[in-house]
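A short reminder: the numbers here are calculations on the coordinates, not readings from a lab. None of the values given here were measured: they were computed from a predicted structure. Methodologically, a virtual Cβ is constructed for each residue, glycine included, from the backbone with ideal geometry; neighbour enumeration extends over all protein chains shown.
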Amino acid sequence: MSQEASQSIAVTSSPPEPKAAPTIVPIWLIIAFFLLLWLAMVYFDQNSGWFDTHVYLPYRSLAELETFQPPPRGGGTGQGRENFEKICALCHNSDGTGRPNQAPPFVGSEWVLGPVNRLIRIPQLGINGPIKVKGVEFQGTQNMAAMGAALSDQDLADVLTYIRTSWGNKASPVTAAQVKAVRTELGNRTQQLSADELMQVQ
């Protein structure tokens, strides 16, 4: 038999080409699909907030967003941070590092981490004269005014708590009751304190 005849027989004897036939989707697959869809809807309902504006709308500024952040470790509040930025950050910087020969740092400061009764007096009355912080003496271009005197007991406590628990500082929070007790002890005094005078407070 010739080679051409063998190829002709091989072609004509091949099986017919398969054809697609309609099939019925199993009912269990349809049920599983709708069950998954229903579970997804339940999950969305419980976790989406239903497009609440408090969740989904952008804030107008970074400062506004930061007031809604969780409080720092140790009990600081968003209000404490906000008041710190308004009152203290201009001289001491937002990161608490201070300014050379003008405002001492809060980060790792023995004055910040020391006795609460001593710390409360600083923003309540201000400081007059040089002060040594972490081995560096700060003469200052001007005396520190009583920046916290106008704050309420709670607001001043929140600011001091923020300072004592931020930037790696790990000190106990300050309470409004502690601020009130110090203010009662100071009475009507408005004269600024010296570093030597502050060191006598425990």
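Below is a table of values for the structure above.
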item: Karplus (6.51, -1.76, 1.60) ³J(HN,Hα), θ = phi - 60°, over segment 124-133, in Hz, Gly and Pro reported as x; result: 6, 10, x, 10, 10, x, x, 9, 9, 10
item: Ratio of Rg to Rh over segment 101-200 (Cα coordinates, Kirkwood Rh, two decimals); result: 0.93
item: Segment 31-50-segment 169-195 distance, computed between alpha-carbon centres (Å); result: 55 Å
item: Sequence-distant residues sharing a close amide H with Lys132 (under 5 Å, placed H); result: Phe138
item: Calculated FRET efficiency for the pair Tyr43/Glu85, C-beta based, R₀ 41 Å, to 0.05; result: 0.60
item: Integer Hz, Karplus 6.51/-1.76/1.60 couplings in order for segment 171-183, x for Gly and Pro; result: 10, 5, x, 9, 9, 5, 5, 5, 5, 4, 5, 5, 5
item: Using a Förster distance of 35 Å, the FRET efficiency for Gln102-Val201 (Cβ separation, nearest 0.05); result: 0.90
item: Likely footprinting exposure, Tyr43, Tyr162, fewest C-beta neighbours within 10 Å first; result: Tyr43, Tyr162
